[in-house]
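The values are calculated or read from the model by the stated rules, or taken from the named source; none is laboratory data. What you are looking at is a predicted structure, and each value in this text was computed from that prediction instead of being measured. Here the Cβ positions follow ideal geometry from the backbone for every residue, glycine too, while neighbour counts run over all protein chains shown. Side chains included, ligands, DNA and RNA excluded: accessible areas come from the protein's heavy atoms. Shrake-Rupley method; radii C 1.70, N 1.55, O 1.52, S 1.80 Å.
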Amino acid sequence: MYAQMIKTAGTGVKSPEEMTEEERKFQARVDANEKIEPKDWMPDDYRATLIRQIGQHAHSEIVGQLPEGNWITRAPTLERKAILLAKVQDEAGHGLYLYCAAETLGVSRDELTEDLLSGKMKYSSIFNYPTLTWADIGAVGWLVDGAAIMNQVPLQRTSFGPYSRAMIRICKEESFHQRQGYDIMMKMARGTEAQKRMAQDAINRLWYPSLMMFGPSDKESVHSGQSMAWRIKINTNDELRQKFVDQTVPQAEYLGLTIPDENLKWNEERGHYDFSEPDWKEFFDVLKGNGPCNTDRLTARQEAWSDGKWVRDAMLAHARKKAAAKVAAE
Amino acid sequence: MKNEWPLWEVFIRGQHGMSHRHVGSLHAPDAEMAIKNARDVYTRRNEGVSIWVVEARHIAASSPSDKGPLYEPSESKVYRHPTFFDIPDEVGAM
Ligand SMILES: [Fe+2]
Ligand SMILES: [Fe+2]
């Protein structure tokens, strides 16, 4: 997902007897679907895990602008360009909502940024793949934003108030993203032979990386168990992946495109599609930094940060000077 | 000196004459930039007709542990709600 492989702090779910009085009260509030607000008491592990999760989610929104930004100047029409620009601007907004939510937990924006730039914090593996053709922009909106929606919709009900409110705002904006992507795919799929080939090629390359977004199976993970008890994770990775496949297959059929999976077929008994797992070795390799674009993405962020430093500093110096002059005049 | 821009809380008045409502926060060097940034971050879809920003450090907040002493007293005062009083139907709208 946009937050993948988040290491849940602590040792797993505690029984009520193992909990302190404060922890029991906290868990009872979570169980009663109450929202936990920044100034409320919360376990240190809950706080630490949320900083990792929301931080990584925010980084993904920010880095996720890069593969799409790559096509803004080369969009096929002025209208497509304006739409893509608006979509990418939304993603910047999503990153900002989420950074603010993380900051309510006591981490600063600069710390989060520095941890991204040093590689200490990650962003979603999906953004380490390139966008080679215009059809990729369609496939990203349709598949990548589609996968993000799968995860973000349930997170609107997460226990941490600021995270939940950020998710609600984000979900309102996401459906535009997925639809504009699918709209591009429809155009390509009904276009010339060359356009159709391009659309098929995009889905061939992006299908498995999209499935990887949900992360490896975590049915057995004690960490996920704890995150679910805290309601900062709502579904297992497999549940969300299945839901995504079930929703996407008919959409691909409508386009007349083939999902690159020979094992894909409807399973009457389960009421779901059977499908092939992505190559998890590739996934871990990408996380380690060896994906096709890891270096590009991180370099772009590092340059944006260091090249922008003089602007940030100058604006702050100007603001301080103005404030001092105002005090002197009073 | 740490050169992080200060944090501002953003309040927006929606289209329909409601009060300004807290929508989130952002970083900006000063109030003028905070309003400009708030326009881009929080009103991309016509969400508002007016923006207030206030530096987060200027906001005083009640503490969660005061919840009891602050709000419990009003729980017992049910007569503050109109439904407490039974007015006969014959009286007409009231
Ligand atoms: Fe987003
Ligand atoms: Fe999106």
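Some points to look at:
- Entry comment: accessible area of region A:53-137 is 32 Å² per residue, from protein heavy atoms only and a probe of 1.4 Å.
- Protein heavy-atom surface of region B:7-86, 1.4 angstrom probe: 56% of the accessible area is carbon and sulfur, with nucleic acids and ligands not counted.
- Taking one quarter of the surface of the convex hull spanned by the alpha-carbon atoms of region B:11-85 gives a direction-averaged projected area of 7.7 nm².
- Shielding by other protein chains, B:22-29, mean Cβ within 10 Å: 6
- Once backbone amide H atoms are built at 1.01 Å from N, A:THR133 has no partners under 5 Å, excluding neighbours fewer than 5 places away on the same chain.
- Heavy-atom accessible area per residue - region B:7-86, 1.4 Å, Å²: 70
- The local environment of A:ALA199, defined by Cβ-Cβ distances under 13 Å, has a net charge of +1 under the rule Lys, Arg +1 and Asp, Glu -1.
- Descending principal axes extents, region A:21-291, alpha-carbon based, whole Å: 66, 47, 33
- For the chain pair A and B, buried accessible area totals roughly 2100 Å², probe 1.4 Å, rounded to the nearest 100.
- For region A:121-241, the equivalent ellipsoid derived from the Cα gyration tensor has semi-axes of 31, 16, 10 Å, listed largest first.
- Cα-Cα separations in region A:229-327 greater than 21 Å, expressed as whole percent: 66
- Gap separating the Cα centres of region A:276-330 and region A:195-238, nearest whole Å: 26
- Sequence ranges A:226-238, A:63-75, ranked by mean other-Cβ count within 10 angstrom, highest first: A:226-238, A:63-75
- Farthest positive-ward along chain A dipole, Cα basis, beta-carbon charges - from A:VAL153, A:VAL107, A:TRP41: A:VAL107
- ³J(HN,Hα), Karplus 6.51/-1.76/1.60, whole Hz, each residue of region A:80-91, x for Gly, Pro: 4, 5, 4, 5, 5, 4, 5, 5, 5, 5, 4, 5
- Here the contact order of chain A, divided by its residue count and restricted to Cα pairs under 8 Å and six or more residues apart, works out to 21 percent.
- Look at the dipole of region A:8-77 built from charges on Cβ: of A:LEU50, A:THR11, A:LEU66, the Cα furthest out on the positive end belongs to A:LEU66.
- Fraction of alpha-carbon pairs over 21 Å apart in region A:3-128 - percent: 51
- Using C-alpha pairs under 8 Å with a sequence gap of at least 6, the mean separation divided by the residue count of region A:145-270 gives a relative contact order of 30 percent.
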